[in-house]
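Values quoted throughout were computed directly from the atomic coordinates according to the rules given, and no laboratory measurement underlies them. Since this is a predicted model, take the numbers as computed values, not measurements. Glycine also receives a Cβ, built like all others from the backbone with ideal geometry; neighbour counts cover every protein chain displayed.
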Amino acid sequence: MVQTGDRAAWTNTLGVIFNRNFNVVAVINLLVMTAYYMIFVTGAPYVREAYGVSLSVAGLSSGVMVMGCLSGRFASGSLLSFLGCRTILLAGILLYLGSMATFFLAASLPVLFVQRFLTGIAVGVTGTATGTIVAYVIPRECHGLGISLFTMSTAVALAAGPFFGIALVDGSGYRAVVWTSFLFGVICLAVFFALRTLPHMLKKHRPMTDIYSYIDPRVVRFSLVALVACLGYGCIQAFLTSFTAERGVSEAASLFFLVYAAAALGTRPFSGHILDHYGPNVVFYPALLIMASAMALLAVTENSVMFLLGAVLLGAGFGNFQSAGQAVSLTLVTRSRFAQATTTFFLFFDLGIGLGPYLFGFLVPSFGYEGMFFSLAVVALFAAFLYWFEYGRMKHRRHHA
């Protein structure tokens, strides 16, 4: 049984985490990321049908959005320190609204590509701003649990975006996706004005030409672990449809990310609590080993049960790696560098997701999906070794200034 004192302490901790500013940015992150995944999943088929282009050119429209997201994250590191979180978050929301409106003026494919790039920038700026604000509004001793709870908004978006996107396209056409995404932006703008005064953000300005104005070198080496770990997840995103068709489990494909999100949502509060009280090693090693198991299971998947069990393992493994990684990256810097730490971690995180299909997709023609996923299981094990080498074997202290 849970002791009364423990229950009271847990309730008090949750009360401190779920403050008004936390709730506001969690809602904004949920809506923007849901729209992002709606567009990401349905955008390429729309481009192919509307403009009569090849599958590779249609896929480039999604790649352009990812590049925009990376650009937005990179620029945010310096701008957040210079202009403050509130201003940058508002700018990200307004740019997002403007990019959604621009879709209806896109009479040619090049203009559509510009629209997608601007949408990516807006998502990158907004996501970095919300992640940085969370770092400031949650007490440092609760960062593990608090960030785990905050990143649930992204986990829900990952499941809800593809689900609603496909449903809207099937029911009303692609324009319904854009109108819904625009409506989400309007809601984000309204919710933004519920933000209360944010904690003071310590500012240490560097020249705009200094690379360290955008990223933090103390987080780069740790973020290499994220880049390696994300390679496998990127391949799952890119090849899920064709993989399930080959294995005869297409009927379960739509459930994969729902099951993934459920596993992540069910385990993150516990992993966050463990991270705060027992340190990161107790979370990272199991998470990466479970992720390796998920890849190995997908390699030998023969039916829907095995396929969805892989989703459970991926949610428990990679899903917890994401939130724990963001929390640990903040422990490596002072409060004045939270923006750069958040930017650095997610730059490598997104880069890994983007590189995965390009680095491992070439294995499929020669070795099949079985060979690709077994290779990615080895990569996940290598990520565990890299974590040990870059962080896990060392004693660390938190920065407080």
>> Between the stretch 356-397 and the stretch 264-290, what is the separation of their alpha carbon centroids in Å?
In response: 19 Å
> Of T130, T34, T87, T11, how do they rank once you tally other Cβ atoms within 10 Å and put the fewest first?
Replying inline: T11, T87, T34, T130
>> Rounded to the nearest 20 debye, what is the charge dipole size of the stretch 19-205 about its Cα centre when +1 sits on each Lys and Arg Cβ and -1 on each Asp and Glu Cβ?
In response: 500 debye
> Expressed in nm to one decimal, what extension gain is obtained for the pair T241 and I166 from 0.36 nm per residue of sequence separation less their Cα-Cα distance?
Replying inline: 25.7 nm
> Can you give the net charge of the other residues whose Cβ lies under 15 Å from the Cβ of L112, counting K and R as +1 and D and E as -1?
Replying inline: +2
> What net charge do the residues around V47 carry, taking every other residue with its C-beta under 15 Å from that of V47, with Lys and Arg at +1 and Asp and Glu at -1?
Replying inline: +2
> Do the sum for the chain: with -39,500 (n - 2.57) for every DSSP H run of n ≥ 4, divided by all residues, what is the mean residue ellipticity at 222 nm, to the nearest 500 deg cm²/dmol?
Replying inline: -28000 deg cm²/dmol
> What's the center-to-center distance, using Cα atoms, between the stretch 128-197 and the stretch 26-64 in Å?
Replying inline: 17 Å
> Dipole of the chain, Cα-centred, from +1 at each Lys and Arg C-beta and -1 at each Asp and Glu C-beta, to the nearest 20 debye?
Replying inline: 1420 debye
> So what is the orientation-averaged projected area of the stretch 215-394, using the convex hull of its C-alpha atoms, in nm²?
Replying inline: 9.7 nm²
>> For V333, what residues show an amide H to amide H distance below 5 Å, using hydrogens built from the backbone and excluding near sequence neighbours?
In response: H399
>> If every alpha-carbon in the stretch 43-115 counts as one equal scatterer, what log10 I(q)/I(0) does Debye give at q = 0.18, 0.21 1/Å?
In response: -0.77, -0.92
> Which of the DSSP-defined H helices in the chain satisfy a minimum axial length of 15 Å, computed from C-alpha atoms, and a minimum mean Kyte-Doolittle hydropathy of 1.0?
Replying inline: 55-83, 85-102, 109-137, 152-172, 174-192, 281-299, 304-331, 338-360, 363-387
>> Using only alpha-carbon positions, what ratio does the radius of gyration of the stretch 19-205 give when scaled by 2.2 N^0.38 Å?
In response: 1.04
>> Regarding the chain, what's the average projected area of the Cα-atom convex hull, expressed in nm²?
In response: 19.9 nm²
>> Give me V53, V64, V177, V111 sorted ascending by neighbouring Cβ count inside 10 Å, so fewest comes first.
In response: V111, V53, V64, V177
>> Sort Y387, Y174 by Cβ crowding within 10 Å, fewest neighbours at the top.
In response: Y174, Y387
